[in-house]
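Contents: one structure, followed by commentary.
The values are calculated or read from the model by the stated rules, or taken from the named source; none is laboratory data. For clarity, every value in this text was computed on a predicted model and none was experimentally measured. Here the Cβ positions follow ideal geometry from the backbone for every residue, glycine too, while neighbour counts run over all protein chains shown. We work out accessible area using only protein heavy atoms, side chains counted, and drop any ligands, DNA or RNA first. Shrake-Rupley method; radii C 1.70, N 1.55, O 1.52, S 1.80 Å.
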Amino acid sequence: MKRIFAIVAVAVLTAAGCGGGGAGGSGNRLSIATGGTTGVYYVYGGGLAKLLSANIPNTQATASVTSASVENIKLLASGKADIGFSQSDTAADAVNGKDTFTSKQPVKAIARIYDNYTHLVVAPGVRADRVADLKGKRVSLGPANSGTQVVARRVLQAAGINPDNDITKQQLSINESVQAVKDGTIDAFFWVGGLPTAGITDLATSKPDVKVLDTSDVLTTMQSTYGQQYVGLDVDLSVYKLSGSIKTVGIANVLLVPDKMSDQLAYDITKTLFEKKAELAAVHPEARKLDLMLGQQVAPVELHPGAARYYKEKA
């Protein structure tokens, strides 16, 4: 991977500075809510911040570290962030006001960007070959307010495991999970992210006997319970310098904005995202998957009108 653009982990902007209505005056100060520092959201968001700052007049964008999907949507809804990464299952819950969200959240989509892969990483020496084998073990489900935790709980439940009673549950970030495996304080962790996720690359380099489990045996149950947004994806483990391949549960990622964002600003963000694709792909290879047709597939979240105008122009 090429050098990651420097990312400013800023305190979230005040409501007065967010949701800018287009260039002019003091300009747009855009806060991008991403994820943990060794996850793809953070790297991708840092690259996007640099491109938006360089290509939209009078705009300064910065990316902030967060717990990812759930927290990002809450930041958008409260006016403390302007752009947020989210898994599509969490975004669906947000606009429907269900599960984690007690009311419908005022967000719209800019684009579907790439797919996330469920990583179920098992520490060296731990006997576990499938999800059901985690019963009784020390397992991190991902940080609180993360999309990883939403998926992890659903995967465990689909395997017949109660995530609150049948495991010793922890809620660790990707960085903390990797360190906990190195320290021997957890047996396994979930991480839902793109390929490659830097933290898992680091772990596999230092612990080459780590395992990444196949989770495909729970896919049918997850689809029947939660919907067809969950899909089966193949992972060639050579991306982590490990041998073999697995099948796992996949879920799309979407880029969200507050529904009150101006049409022109949403248009400009969408245009920059797609027209600077090559530069973004130099930051992280998942940006190569940007596609104009696929980008519009954000249901049940609605496309922001500004983004919809860009897609219509390119049709």
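Miscellaneous remarks
- Inter-residue pairs, beta-carbon under 9 Å, first without any contact (Cβ under 8 Å) to a residue 40 or more places away in the chain and in the stretch 237-249, second polar (S, T, N, Q) and crowded, with 20+ Cβ neighbours inside 10 Å, 6+ apart: 246/215; 247/215
- Residue that is under 26 Å from residue 289 (Cβ atoms), buried (at least 17 other Cβ atoms within 10 Å of the Cβ), modelled with pLDDT of 95 or more and β-branched (Val, Ile, Thr), where the choices are 215, 220: 215
- Scanning the stretch 76-96 for residues that are in contact with a strand residue (DSSP E or B) (Cβ under 7 Å, 6 or more places away or on another chain), closer than 25 Å to residue 52 by Cα and either polar (S, T, N, Q) or crowded, with 24+ Cβ neighbours inside 10 Å (or both) turns up 76, 81, 82, 83, 84, 85, 86, 87, 88, 91.
- Matching residues in the stretch 171-187 - criterion: being of a type in the set (A, V, I, L, M) and in a loop (DSSP other than H, G, I, E, B): 172, 186
- Any hit, the stretch 188-206, residues being in contact with a strand residue (DSSP E or B) (Cβ under 8 Å, 6 or more places away or on another chain) and acidic (Asp, Glu): no
- The single condition from (1) assigned to a loop (DSSP other than H, G, I, E, B); (2) modelled with pLDDT of 95 or more; (3) surrounded by fewer than 24 Cβ atoms within 10 Å (Cβ to Cβ); (4) in contact with a helix residue (DSSP H, G or I) (Cβ under 8 Å, 6 or more places away or on another chain) that residue 99 fails is (2).
- Across the stretch 116-153, the qualifying residues are those that are β-branched (Val, Ile, Thr) and either farther than 18 Å from residue 235 by Cα or open to solvent by 30 Å² or more (accessible area, probe 1.4 Å) (or both), and the one among them that is modelled with the lowest pLDDT is 150.
- Residue 200 in contact with a helix residue (DSSP H, G or I) (Cβ under 9 Å, 6 or more places away or on another chain) and either closer than 22 Å to residue 311 by Cα or part of a strand (DSSP E or B) (or both): no
- Lone qualifier among 233, 242, 237 - being within 27 Å of residue 145 (Cβ to Cβ), surrounded by 13 or more Cβ atoms within 10 Å (Cβ to Cβ) and not polar (S, T, N, Q): 233
- A Cβ distance below 8 Å, combined with a sequence gap of six or more or placement on separate chains, defines the contacts here; from the stretch 288-306, residues that are among the β-branched types (Val, Ile, Thr) reach residues that are part of a helix (DSSP H, G or I) and open to solvent by less than 60 Å² (accessible area, probe 1.4 Å) in the pairs 298/88; 298/91; 301/88; 301/91; 301/92; 301/94; 301/95.
- Of the criteria (1) out of contact with any Leu (no Cβ under 7 Å at 6 or more places or on another chain); (2) over 25 Å from residue 83 (Cβ atoms); (3) in a helix (DSSP H, G or I); (4) touching a residue at least 60 places away in the same chain (Cβ under 8 Å), which one residue 264 fails: (2)
- Qualifying residue in the stretch 285-297 (condition: assigned to a loop (DSSP other than H, G, I, E, B) and crowded, with 16+ Cβ neighbours inside 10 Å): yes
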